[in-house]
Number of protein chains: 2
Amino acid sequence: MKILKTVDEVRSQVKAWKKEGLSVGLVPTMGYLHEGHQSLIRKSVEQNDRTVVSVFVNPMQFGPTEDLESYPRDLDADAKLCETTGADVIFHPEPEEMYKPGFCSYVNMTGLPDALCGLTRPVHFKGVCTVVNKLFNIVQPDRAYFGQKDAQQLAIIMRMVIDLNMDIEIVGCPIIREADGLAKSSRNIYLKPEERQAAVILSKSVKLGQQMIADGERDAKKIVAAMKDLIGSEPLADIDYVEMVDMDTMKSIDIVEGHVLCAMAVRFGKARLIDNFILDMNK
Amino acid sequence: MKILKTVDEVRSQVKAWKKEGLSVGLVPTMGYLHEGHQSLIRKSVEQNDRTVVSVFVNPMQFGPTEDLESYPRDLDADAKLCETTGADVIFHPEPEEMYKPGFCSYVNMTGLPDALCGLTRPVHFKGVCTVVNKLFNIVQPDRAYFGQKDAQQLAIIMRMVIDLNMDIEIVGCPIIREADGLAKSSRNIYLKPEERQAAVILSKSVKLGQQMIADGERDAKKIVAAMKDLIGSEPLADIDYVEMVDMDTMKSIDIVEGHVLCAMAVRFGKARLIDNFILDMNK
């Protein structure tokens with residue numbers, strides 16, 4: 001496995017592969033890889049001849065008061081995980097390689113970013129769209145892999161690819177959880193031991209919401225209220241939002257029908273954690 | 001030569017060409033083709049194995065009070081010109097093919113659009129960036145051709161391609177003029193006979209500016225003032241702007257040095273015409 005630092009190196013590697021008729025999968029990440037990322041890499045290795053994992057903590061998607069500086073990094077561990085999982089290349093550029101002097105372009109959208117995480121992270125999805133667009137143009141993969149844990153991000157990337165006619169298949173992969181249910185996240189290392197224990201309330205509230213729907217409840221407000229009550233019962237939890245929206249438009253819904261996303265963001269000390277479940281009620 | 005109406009048709013045609021190892025040039029236009037466009041097509045035919053001309057009057061780059069509805073269209077004449085010039089495909093989509101239900105993504109940039117034409121046409125370059133980005137993704141050309149007449153557009157597209165790592169060479173081509181100097185433009189048909197005669201003042205002012213610089217003048221304000229005086233001597237001319245800017249940043253300059261764009265937009269009756277000259281003072 002190779003670690004490449006420049007756009008030109010990645011481009012010529014991918015061109016060489018394409019000349020041989022090989023398919024290419026891309027797994028965009030910010031590094032500090034865990035089993036969630038690993039499941040994406042594994043899926044890509046399974047579906048493509050070659051897999052590129054990008055490891056780039058993208059400054060453009062962090063707000064001025066967010067955790068850009070403290071975001072955890074460990075390239076050696078990432079490289080080991082990628083290699084053992086079967087990736088062929090890590091693309092690990094410096095910010096200066098991705099954002100050259102005079103850089104001023106961006107990709108964004110109306111509507112989808114103006115909900116959920118976009119409300120408290122106003123520049124976040126503009127940064128995500130822009131960097132993912134760049135990575136897609138650099139690697140030109142056949143398929144790209146994103147976790148369902150960042151459900152709004154997944155919906156936004158899918159929309160971008162359709163709207164801008166990018167010839168790439170977006171593959172969404174299920175949330176990977178710890179044994180007690182906590183969704184795997186690089187930000188879990190911010191949790192103090194008591195916060196770590198408290199954070200399990202998120203996956204419990206996911207289960208509660210799913211159970212209520214399985215039991216026939218269709219009133220979105222009632223489900224959200226019950227989930228908020230449960231999370232609120234945990235003194236260390238500070239709710240940013242719990243919401244039920246349409247998965248394709250990110251607009252709030254009153255009745256559980258169609259393609260539904262129930263998503264939450266909750267703070268535990270320094271960590272802002274997200275969790276969700278998605279249901280296609282048409283199926 | 002084929003006329004294709006859907007993204008899928010263009011994509012499979014280009015894929016077939018690429019499989020044969022053929023290079024592809026793209027000439028994006030709004031149709032009503034004249035010798036200016038023809039020079040772009042000719043250049044593309046010269047430099048590539050296959051040439052696609054897109055003919056699409058892009059609603060997204062017109063403001064609400066602009067000439068979207070009245071913009072001239074003549075696909076039959078366009079097809080003849082493309083065929084005789086050696087193009088292989090015209091891509092002529094309907095607006096509904098380019099902007100599907102739920103469309104909400106866009107490409108834009110800060111800085112470069114906030115000058116010259118961007119000041120009086122605030123949504124214009126967002127529409128241009130977005131549609132050109134889409135066309136690049138649909139056709140995936142090796143090279144794309146743009147006229148220097150739309151100098152700000154050329155600078156913006158070049159910037160977009162660099163910033164978003166699009167693997168495409170942008171080729172800028174010189175302004176093509178009528179015998180009396182008027183820059184060729186689809187919008188020239190808006191001109192009444194007396195306005196058509198009056199409009200030659202634009203190319204005369206271009207010559208004046210170039211001559212002043214050749215004679216050693218380096219004070220941008222003096223050159224612009226002299227050009228404005230000349231244009232103002234023509235009663236039918238209504239100046240939108242005459243400006244000297246840095247070609248790479250579109251920022252106003254005081255002294256003529258570096259990569260310089262001197263650009264103007266002037267109304268004659270219903271027609272808003274543009275003209276310019278570019279000088280690289282380092283050469």
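Bear in mind these aren't lab numbers, they're just calculated from the coordinates by the rules spelled out. In this text the structure is predicted, and so the values were computed from the model without any measurement. Don't worry about glycine lacking a Cβ; one is built from the backbone with ideal geometry, like all the others, and counts go over all protein chains shown.
What to note about this one:
- Relative contact order of chain B, taken over Cα pairs closer than 8 Å and 6 or more residues apart, is 17 percent.
- Over the protein assembly as shown, DSSP H runs of length four or greater, each weighted -39,500 (n - 2.57), average out per residue to a 222 nm ellipticity of -11500 deg cm²/dmol.
- With its label point defined 7 Å out from Cα along the Cα-to-Cβ axis, A:E257 lies at 6.9 nm from the matching points of the other copies, in increasing order.
- For A:G232, the point set 7 Å out from Cα toward Cβ sits 6.8 nm from its twins in the other copies, listed from shortest up.
- With q set to 0.10, 0.12 Å⁻¹, the log10 of I(q)/I(0) for the protein assembly as shown, from the Debye formula over equal scatterers at the Cα positions, is -0.92, -1.17.
- Note on region A:2-173: dipole from Cβ charges, positive end direction compared against A:L116, A:L75, A:L154; the farthest Cα belongs to A:L154.
- Residue of A:S54, A:S233, A:S23 that the Gaussian network model of chain A assigns the largest fluctuation, springs spanning Cα pairs under 10 Å: A:S233
- Projected label distance in nm at A:D114 and A:I255, using a 7 Å step from Cα toward the beta-carbon: 2.6 nm
- In this structure, B:D238 and A:D280 have a Cβ-Cβ separation that, at R0 = 51 Å, corresponds to a calculated FRET efficiency of about 0.30.
- Computed over neighbours whose Cβ is under 14 Å from that of B:G172, the net charge equals 0, Lys and Arg +1, Asp and Glu -1.
- Highest-MSF residue in chain B out of B:A16, B:A199, B:A179 [GNM, Cα springs under 10 Å]: B:A179
- Rounded if a/c under 1.5, otherwise prolate or oblate - region A:65-215, Cα gyration tensor axes: prolate
- Closest approach to the B/A rotation axis among chain B Cβ atoms, residue and whole-Å value: B:V107, 3
- For A:R177, nonlocal amide neighbours, meaning residues 5 or more places apart or on other chains whose placed amide H falls under 5 Å from its own, are A:K184.
- Distances, shortest first, from the label point of B:I162 to those at the same position in the other copies read 3.5 nm; the point lies 7 Å along Cα to C-beta.
- For region B:186-275, fraction of C-alpha pairs farther apart than 17 Å, in %: 47 percent
- The convex hull built on the alpha-carbon positions of region B:226-266 has an orientation-averaged projected area of 3.0 nm².
- Residues whose amide H comes within less than 5 Å of that of B:S23, counting only those at least five positions distant or on another chain, are B:D49, B:R50 (H built at 1.01 Å from N in the peptide plane).
- Centre-to-centre, using Cα atoms only, region B:139-166 and region B:38-73 are separated by 13 Å.
- Mean projection area, nm², convex hull over Cα of region B:1-143: 9.2 nm²
- Relative protection proxy for A:164-177, A:121-134, from highest mean packing down: A:121-134, A:164-177 (other beta-carbon atoms within 10 angstrom).
- Proximal lysines to A:K19, defined as alpha-carbon separation beneath 17 angstrom and excluding residues fewer than eight positions away on the same chain: B:K15, B:K18, B:K19
- Backbone HN-Hα couplings from phi across region B:93-106 [Karplus 6.51/-1.76/1.60, Hz, Gly and Pro as x]: x, 6, x, 5, 6, 8, 10, 7, x, x, 4, 8, 8, 7
- Look at the dipole of chain B built from charges on Cβ: of B:A179, B:L261, B:P93, the Cα furthest out on the positive end belongs to B:P93.
- Backbone HN-Hα couplings from phi across region A:188-197 [Karplus 6.51/-1.76/1.60, Hz, Gly and Pro as x]: 4, 5, 5, 6, 6, x, 6, 5, 4, 5
- Other residues with beta-carbon under 11 Å from the beta-carbon of A:M250 carry, at +1 per Lys or Arg and -1 per Asp or Glu, a net charge of -2.
- Charging the Cβ of each Asp and Glu at -1 and of each Lys and Arg at +1, and nothing else, the dipole of the protein assembly as shown about its Cα centre rounds to 340 debye.
- Within region B:1-83, the ratio Rg/Rh, alpha carbon atoms throughout and Rh by Kirkwood, equals 1.01.
- Evaluating 6.51 cos²θ - 1.76 cosθ + 1.60 at θ = phi - 60° for every residue in region A:150-166, the Karplus couplings come out as 8, 5, 5, 4, 4, 4, 5, 5, 4, 5, 4, 5, 5, 5, 9, 6, 7 Hz, glycine and proline recorded as x.
- Order by protection proxy (mean Cβ within 10 Å, highest first), peptides B:28-36, A:180-188, B:188-196: B:28-36, A:180-188, B:188-196
- Coarse-grained scattering of chain A at q = 0.09 Å⁻¹, given as base-10 log I(q)/I(0) from a Debye sum over alpha-carbon atoms: -0.43
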